[in-house]
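Visitor: I have a structure I would like to understand better, so I am pasting it below and will then ask my questions one at a time.
The values are calculated or read from the model by the stated rules, or taken from the named source; none is laboratory data. What you see is a predicted model; the values in this text were computed from it and never measured. Counting neighbours? That spans all protein chains shown, and the Cβs are built from the backbone with ideal geometry, glycine included.
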Ligand SMILES: O=C(O)CCC(=O)C(=O)O
Ligand SMILES: [Fe+2]
């Protein structure tokens, strides 16, 4: 992974690396130790108990009864001003404006805490959301030649090989497809390692996942999803229709109104348990 600082983070160089290079970069020096300590304290406070929250790519963990070793804290903008500073850091804004267009939006800001012994996730892509395990539900020929997603992880703990730093396959963003077992992800992956306060920025087409935490400490990060402005529909058609219309709409009309697609969803209060993944 190519590494940059707040001073050397040239948007053109980084955009090229995301699209045509490894698909992920590291940036250090964006946040103070105080900001990271504050964010971490809030995340820990909100995940002290293994509260059942919706999660993704944890099908195997759910089967093994290990879901509680990964904890999500959703809807972070409502939980502390420090998260607004993370989401809109000027260095990130400048790079993301180049990558996703000047009016890009944020799709999610959440913490992912993996406790010691946490098994990590299923290798996946985040393009534009999480459901490319079912490619037939997307437009024919959809590909990653232009970005419809960018992911930022702000590391709150040391991300090492041992602690399960996000694994990814460099170059896998060049062909949009969900990884299969034949791709031997774990043999081919590198890891987005770093110190608390460092940022990993990656293109969501890149095959990646949280790796198993074999260290004796937690491994938490703030995960931020960014999208082009038009990933949100232009018209809010359901809001413009009377409730009786929606109640009696056929399955096809409901689909056309976007009512079958769950996102955007209030993940903080969504049904607990794993809802996405191949398994
Ligand atoms: O926490 C990580 O290392 C990655 C999380 C991730 O990729 C996801 O939740 O989509
Ligand atoms: Fe992901």
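Visitor: Only one of these conditions is not met by residue 239: (1) modelled with pLDDT of 90 or more; (2) closer than 26 Å to residue 121 by Cα. Which number is it?
Guide: (2)
Visitor: A follow-up question, please. Search the range 43-70 for residues being touching a helix residue (DSSP H, G or I) at 6+ places or on another chain (Cβ under 9 Å) and within 16 Å of ligand 2 (Cβ to nearest atom), and hand back the single one that is modelled with the highest pLDDT.
Guide: 70
Visitor: Then there is this: I need a count of the residues in the range 177-198 that are closer than 12 Å to residue 124 by Cβ, within 14 Å of ligand 2 (Cβ to nearest atom) and in a loop (DSSP other than H, G, I, E, B).
Guide: The initial filter retains those residues of the range 177-198 that are closer than 12 Å to residue 124 by Cβ, namely 177-180, 183, 185.
Subset that is within 14 Å of ligand 2 (Cβ to nearest atom): 178-179, 185.
From the residues that got through so far, the ones that are in a loop (DSSP other than H, G, I, E, B) too are 178-179.
Result for the range 177-198: 2.
Visitor: I would also like to ask the following. Does the range 215-235 hold any residues that are buried (at least 17 other Cβ atoms within 10 Å of the Cβ) and assigned to a loop (DSSP other than H, G, I, E, B), and which are they?
Guide: 215, 218, 228
Visitor: Out of the residues in the range 248-272 that are over 28 Å from the mean Cα position of the chain (by Cα) and surrounded by 11 or more Cβ atoms within 10 Å (Cβ to Cβ), which is nearest to residue 130 (Cα to Cα)?
Guide: Taking the range 248-272 first, the residues over 28 Å from the mean Cα position of the chain (by Cα) are 248-253.
Filter again for surrounded by 11 or more Cβ atoms within 10 Å (Cβ to Cβ), leaving 249, 253.
On the way: 249: 27, 253: 24 Å.
Looking at residues that are over 28 Å from the mean Cα position of the chain (by Cα) and surrounded by 11 or more Cβ atoms within 10 Å (Cβ to Cβ), I get 253.
Visitor: I'd like to check something: does the range 6-21 contain any residue that is in contact with a strand residue (DSSP E or B) (Cβ under 9 Å, 6 or more places away or on another chain), touching a residue at least 60 places away in the same chain (Cβ under 8 Å) and on the phi > 0 side of the Ramachandran plot?
Guide: no
Visitor: If the requirement is being assigned to a loop (DSSP other than H, G, I, E, B), in contact with a helix residue (DSSP H, G or I) (Cβ under 8 Å, 6 or more places away or on another chain), on the phi < 0 side of the Ramachandran plot and away from ligand 1 (no atom under 16 Å from the Cβ), which of these qualifies: 122, 103?
Guide: On the way: 122 fails: away from ligand 1 (no atom under 16 Å from the Cβ).
One residue alone meets the criteria, 103.
Visitor: Follow-up. Could you please let me know if residue 111 is within 15 Å of ligand 2 (Cβ to nearest atom), more than 18 Å from the chain's Cα centre (by Cα) and either closer than 30 Å to residue 272 by Cβ or in a strand (DSSP E or B) (or both)? Before you say what the answer is, go through the steps one by one.
Guide: Values: within 15 Å of ligand 2 (Cβ to nearest atom): yes; more than 18 Å from the chain's Cα centre (by Cα): no; either closer than 30 Å to residue 272 by Cβ or in a strand (DSSP E or B) (or both): yes.
No; evaluated as a whole, the condition is false for this residue.
Visitor: With (1) part of a loop (DSSP other than H, G, I, E, B); (2) within 16 Å of ligand 2 (Cβ to nearest atom); (3) more than 25 Å from residue 67 (Cβ to Cβ) as the list, and residue 201 as the residue in question, which single condition is left unmet?
Guide: (1)
Visitor: When you go through (1) without any contact (Cβ under 8 Å) to a residue 12 or more places away in the chain; (2) under 21 Å from residue 75 (Cβ atoms) one by one for residue 234, which number turns out not to apply?
Guide: Exception for residue 234: condition (2).
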